[in-house]
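Okay, so here's the structure we're looking at.
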Amino acid sequence: FPGITQPGANEPAWSPDGSQLAFVSGSDIWVINADGTNERRLTTNTTDDYDPAWSPDGSKIAFSRFIGSTGLGIGVVNVDGTNEMSLTTANRDFTPSWSSDNTKIAFARKSGTSSTIDGIYVMNTDGTNQIKLPIPSDGIGDPVWQPLPPVSRPRFDFDGDLKDDFAVYRPGDSPSAQSYWHILRSSNNTYLGLPFGSGQDRIVPADFNGDG
């Protein structure tokens, strides 16, 4: 990958928007922009950090923490390298996976010094409410969340709440006269009056820039 200068870079993981790449080098978590610029180390602790996993909103990276072969749990760090913290401790936890709605993290856990996986666990993103899933532990591997189905946004949703808004378009009285949009937002029942266009314009509702 152009721009990576760190030796032995491995375990690449793209950010949700494809603008950055996380990777492991020297037992630390690193991030670099997709164009090869701004390479930076995120984790600076004394543990060996692996398995980077981006949060769906792209703001955090969860990872596995080890000292040698001894697991210390799941850690998390902001993508700017701040607020590094442990979510689980004193367990051999590894391969974190974020839920699509950004509210949970799943991970695998080994018991004691055994190489056998004890089970798949789910917890809140702050490490609370750790729950073992009721599935057989034999032969299970890394957890992967089912993605959320795509949300279809209504054509006349002006305030982003996935509901159509009541709107009136009042064209100008002449080709050069100012036209107005009048919108009643369904999210908070507030009114918006917005000058836009002229009397000769025609409305063509469509997503021209691909932002949904």
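Between LEU133 and SER59, the FRET efficiency estimated from the beta carbon spacing at R0 = 35 angstrom works out to 0.85.
Accessible area per residue, 1.4 Å probe, Å², for the chain: what's the number?
Dividing the accessible area of the chain by its residue count gives 58 Å².
Taking ILE140, ILE183, ILE74 as the candidate residues, the one with maximal mean-square fluctuation in a Gaussian network model of the chain, Cα springs under 10 Å, is ILE183. Computed with a 1.4 Å probe on the full set of protein chains, the accessible area for VAL204 sits at about 100 Å². Computed extension length for ASP101-VAL151: 16.8 nm, one decimal, from 0.36 nm per residue of separation with the Cα-Cα distance subtracted.
Using a/c under 1.5 as the rounded threshold, could you call segment 161-212 rounded, prolate or oblate? The axes a ≥ b ≥ c are square roots of the C-alpha gyration tensor eigenvalues, and prolate needs a/b larger than b/c, oblate otherwise. Oblate shape, in that a/c is at least 1.5 and b/c is the bigger or equal ratio. The slack between THR37 and MET85, meaning 0.36 nm per residue of separation minus the straight C-alpha distance, is 14.7 nm.
Would you mind calculating the gained length between ILE203 and ASP17 on full extension (0.36 nm times residue separation, minus the Cα-Cα distance), in nm to one decimal? Each step should come with its number before you reach the end.
Working: separation 186, 0.36 × 186 = 66.96 nm, distance 3.07 nm.
Contour length minus the Cα-Cα distance gives 63.9 nm.
In this calculation the C-beta distance from THR44 to ILE140 is compared with R0 = 41 Å, giving a FRET efficiency of 0.80.
I need the shape label for segment 86-173. Rule: rounded when a/c is under 1.5, else prolate if a/b > b/c, else oblate, with a, b, c from the alpha carbon gyration tensor. Taking the square roots of the gyration eigenvalues as a ≥ b ≥ c, segment 86-173 is prolate. Entry note: segment 1-130 has Rg to Rh equal to 0.96, where both radii use alpha-carbon atoms and Rh is the Kirkwood radius.
In the chain, the portion of solvent-accessible area held by carbon and sulfur atoms comes to 53 percent [1.4 Å probe, whole percent, DNA, RNA and ligands not counted].
Computed over the chain with a Gaussian network model linking Cα atoms closer than 10 Å, the most mobile of GLY141, GLY193, GLY81 is GLY193.
The values are calculated or read from the model by the stated rules, or taken from the named source; none is laboratory data. Everything numeric here is computed off the predicted structure, so don't read it as measured data. Cβ: placed from backbone, ideal geometry, glycine included. Neighbour counts: every protein chain shown. Side chains are part of the model used for accessible areas, which takes the heavy atoms of the whole protein and leaves out ligands, DNA and RNA. Shrake-Rupley method; radii C 1.70, N 1.55, O 1.52, S 1.80 Å.
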